[in-house]
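Since the structure comes first, as structure tokens, the remarks are kept for the end.
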């Protein structure tokens with residue numbers, strides 16, 4: 001089966017009230033597809049009808065995949081007993097996410113219906129700040145008591161499998177829930193039944209803390225090719241697990257945010273097709289207006305050198321080209337640096353080497369660009385050939401260095417380096433470029449300043 | 001253990017030739033860390049010494065994590081018998097990657113040392129084009145013959161575990177290696193030993209084809225939260241498997257490439273710290289020079305309206321601000337659209353809705369920007385207030401629509417939408433902006449054109 005297959009007939013089946021047909025169709029569809037289909041085609045009431053037809057496990061999975069706005073709406077239209085049952089079947093991390101979407105009254109009603117252990121788990125998981133590992137980790141990890149042998153461990157995994165998110169990694173814990181080691185199901189399966197877990201387990205476990213940013217867990221999972229990573233407190237008490245699929249979602253969200261920032265778009269916590277015009281407007285207008293005021297400096301610089309321009313009108317011909325080149329080379333550098341910081345490529349004090357290399361690269365770029373623009377000037381306005389040549393070299397160098405340094409400066413003051421967006425770097429390079437150009441012209445052409 | 005721990009002493013241990021100390025240190029380090037350490041600190045000969053101290057499994061893992069350039073160098077300095085043994089222990093996808101790095105003579109020598117099945121596997125895997133699923137898939141997947149029961153299946157998985165990349169998903173195949181279904185180790189563990197695989201397996205398997213781009217496999221793995229996805233031929237013959245960790249690497253590479261393209265940097269198939277100055281220069285210069293020539297249009301437009309400028313010198317004050325605003329709003333739109341195409345958010349024919357929404361959003365942005373610039377003009381140059389107001393509105397609209405349409409146009413002609421980079425959109429918006437501004441000025445201020 002290729003995943004692109006259409007499931008066009010669900011709407012028809014619901015309208016015809018064909019329960020058998022619906023059940024057959026639902027059985028053949030992966031939960032993620034059912035959820036997307038529902039998100040796109042169904043209103044609350046038909047969603048409830050459809051969820052009602054599913055078995056408990058699929059129901060919980062499909063509901064977990066729905067868009068947050070849709071989850072919220074559907075949950076608030078569900079009978080509280082049905083919702084409580086659904087909550088029990090959901091994975092603990094998704095449950096906590098949905099819980100935090102509900103209004104306080106519904107949260108209270110729901111809490112009263114849950115067993116004590118579930119209630120505590122839910123409160124604990126939903127208490128972590130958004131963006132931290134705590135907010136994405138699950139408590140449905142599999143554990144094995146230290147001191148067990150392989151036979152006992154396998155028996156325990158078998159029994160607990162239905163309610164665990166993953167049984168492929170099992171965490172070995174002592175009586176106080178302290179993490180002693182990790183053992184994979186593969187290791188267990190290939191070991192002798194009588195072998196002791198203590199002899200088999202990996203003791204040097206790579207762990208994270210629930211307070212770390214989610215991107216940290218994603219980076220470690222990707223670096224070590226892990227299926228899951230345990231989250232522990234400072235005392236090494238096991239409190240949760242982040243799985244590879246959550247890590248993949250985190251990476252996608254982070255990259256989307258970085259790309260949006262790179263174009264000075266505010267952080268958009270929904271998809272572009274979902275976002276309404278007003279939301280999009282708000283995410284874009286602030287930076288645009290802010291940049292207007294920065295650009296006024298460029299305008300002021302031009303006005304200041306009006307006499308120079310009036311004397312050599314051909315200077316205007318090269319103005320857009322020169323200032324754009326500084327912005328372009330600056331945004332190239334900024335993007336390379338921002339991405340290298342995000343992937344962990346830059347980070348361990350090789351700043352000086354990087355700086356030296358960028359000077360060299362931008363010097364070469366500046367010389368080439370200078371040659372290109374002088375060739376144009378040779379035909380168009382030979383009297384200012386030298387001015388545009390010198391200016392181009394200086395402007396490309398300055399643009400590149402702005403793109404190199406700005407992300408680090410922002411990081412120093414605690415901002416996301418991605419805020420050194422292309423528009424910001426371009427705008428700064430523009431303003432500096434205008435000044436460099438006219439100062440060079442004034443000096444080289446021997447005009448009085450101003 | 002937190003992964004950030006330093007392993008400073010490996011170099012010292014090698015220099016002191018402390019074999020016991022080295023073995024202990026290597027045992028405690030994850031393979032990915034050992035490889036990074038080697039990449040950063042060790043030359044070929046010390047790398048060979050260190051690899052020699054490891055057990056076969058760790059040796060293969062560490063070697064697989066090394067940088068391609070380092071792998072190539074180390075492989076060419078290894079004794080051929082040692083290299084052949086290493087090859088047997090490596091996972092089939094990494095082996096094929098390394099093989100394609102070697103020179104033809106070494107490839108031949110290596111081939112003669114491998115068993116026939118390994119030789120064929122290697123040739124097959126290294127025959128796929130770069131960027132396709134075939135080039136990243138492994139042939140170390142676990143299979144179960146159709147008709148087996150759970151007991152037999154578990155026995156088979158246990159036996160084959162050491163050489164398989166993952167045993168958590170097993171593919172059920174018939175006598176012709178046709179994929180009949182998939183069963184997870186979790187399902188097997190929780191089923192009765194006598195249960196038949198045919199009754200247990202999932203028949204609607206989500207598959208990919210080896211000719212598809214890697215990003216497709218990554219998208220499906222992420223969408224359905226899969227540990228691995230099988231690759232099949234048109235006749236549904238099982239030929240390989242892509243695992244979640246490979247998918248994560250693919251996503252990281254793709255996102256890096258998209259971000260670099262967004263700033264008009266050519267595709268860089270190594271890290272920024274690794275890349276030499278000449279490589280970086282080459283990846284950047286082409287676009288920069290190309291954009292010089294596009295920017296000449298802006299210059300030509302300004303020159304064409306020189307008389308207008310000479311009559312109203314205050315027009316120059318607003319020039320950088322107006323043209324930058326078109327570029328900024330255009331790059332915002334382009335980035336939003338390019339990312340939405342990459343994540344699959346845009347794709348299913350909601351183009352018209354998106355277009356209408358973008359018109360609305362950019363209209364609102366244009367009005368706000370227009371108000372801001374008119375406020376500035378009110379104090380600075382009230383005689384051209386209307387000109388800058390009208391121009392700003394038009395320029396922001398045109399910039400946004402350029403950013404919206406260019407990615408789709410590029411996609412239509414078969415280019416990567418990310419080529420609609422910020423510098424390109426900005427440059428186009430600049431040139432159009434200059435013309436709009438001076439045409440508006442000429443008309444509103446009642447000047448003769450030219």
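Tabulated values for the structure
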item	result
Segment B:70-92 residues that are in contact (Cβ under 8 Å) with a residue 40 or more places away in the chain, paired with ones that are part of a helix (DSSP H, G or I) (beta carbon under 9 Å, 6 or more apart)	B:91/B:60; B:91/B:61; B:91/B:64; B:92/B:118; B:92/B:121; B:92/B:122; B:92/B:125
Meets criteria (surrounded by fewer than 18 Cβ atoms within 10 Å (Cβ to Cβ), in contact with a strand residue (DSSP E or B) (Cβ under 8 Å, 6 or more places away or on another chain) and free of Cβ contacts under 8 Å to residues at least 24 places away in the same chain) for residue A:186	no
Search result, residues across segment B:310-345 that are at the interface with chain A (Cβ under 8 Å from one of its Cβ atoms), surrounded by fewer than 22 Cβ atoms within 10 Å (Cβ to Cβ) and more than 26 Å from residue B:414 (Cβ to Cβ)	B:310, B:313, B:314, B:316
Residue list for segment A:284-293, filter: crowded, with 20+ Cβ neighbours inside 10 Å and either more than 7 Å from chain B (Cβ to nearest Cβ) or in contact with a strand residue (DSSP E or B) (Cβ under 6 Å, 6 or more places away or on another chain) (or both)	A:287
Test: residue in segment A:163-173 that is farther than 30 Å from residue A:64 by Cα and not in a strand (DSSP E or B)	no
Qualifying residue in segment B:269-280 (condition: out of contact with any helix residue (DSSP H, G or I) (no Cβ under 6 Å at 6 or more places or on another chain), in contact (Cβ under 8 Å) with a residue 24 or more places away in the chain, part of a loop (DSSP other than H, G, I, E, B) and facing chain A (nearest Cβ under 9 Å))	yes
Odd one out for residue B:246, checked against (1) buried (at least 21 other Cβ atoms within 10 Å of the Cβ); (2) more than 7 Å from every other protein chain (Cβ to nearest Cβ); (3) touching a helix residue (DSSP H, G or I) at 6+ places or on another chain (Cβ under 8 Å); (4) not in a helix (DSSP H, G or I)	(4)
Any hit, segment B:126-141, residues being under 30 Å from residue A:155 (Cβ atoms) and either under 29 Å from the mean Cα position of the chain (by Cα) or surrounded by fewer than 14 Cβ atoms within 10 Å (Cβ to Cβ) (or both)	yes
Residues located in segment A:88-98, provided they are in a helix (DSSP H, G or I) and closer than 15 Å to residue A:165 by Cβ	A:88, A:89, A:92, A:93, A:94, A:95, A:96, A:97
Those helices (runs of 4 or more DSSP H) lying entirely in segment B:177-240 with at least 2 residues facing chain A (nearest Cβ under 10 Å)	B:185-190, B:214-223
Given (1) closer than 21 Å to residue B:291 by Cα; (2) surrounded by fewer than 24 Cβ atoms within 10 Å (Cβ to Cβ), index of the condition residue A:307 fails	(1)
Residues located in segment A:189-211, provided they are surrounded by 19 or more Cβ atoms within 10 Å (Cβ to Cβ) and in contact (Cβ under 8 Å) with a residue 40 or more places away in the chain	A:191, A:197, A:200, A:208, A:210
Among the candidates B:352, B:376, residue that is more than 7 Å from chain A (Cβ to nearest Cβ), surrounded by fewer than 23 Cβ atoms within 10 Å (Cβ to Cβ), on the phi < 0 side of the Ramachandran plot and in a helix (DSSP H, G or I)	B:352
Those residues of segment A:17-76 which are over 32 Å from the mean Cα position of the chain (by Cα), surrounded by 14 or more Cβ atoms within 10 Å (Cβ to Cβ) and under 18 Å from residue B:206 (Cα atoms), in sequence order	A:25
Residue check for residue B:301: at the interface with chain A (Cβ under 7 Å from one of its Cβ atoms), under 25 Å from residue A:317 (Cβ atoms) and either part of a helix (DSSP H, G or I) or in contact with a helix residue (DSSP H, G or I) (Cβ under 8 Å, 6 or more places away or on another chain) (or both)	no
Options B:160, B:117; residue that is within 14 Å of another protein chain (Cβ to nearest Cβ) and in a helix (DSSP H, G or I)	B:160
Qualifying residues in segment A:249-267 (those that are under 12 Å from the mean Cα position of the chain (by Cα), buried (at least 19 other Cβ atoms within 10 Å of the Cβ) and over 30 Å from residue A:166 (Cα atoms)) - the one farthest from the other protein chains (Cβ to nearest Cβ)	A:261
Options B:301, B:217: the member that is touching a residue at least 24 places away in the same chain (Cβ under 8 Å) and within 30 Å of residue B:323 (Cβ to Cβ)	B:301
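Values in this text are rule-based calculations from the coordinates and carry no lab data. Predicted model only: the values in this text are computed from it and were never measured. Here Cβ is always computed from backbone atoms with ideal geometry, including for glycine, and neighbour counts include all displayed protein chains.
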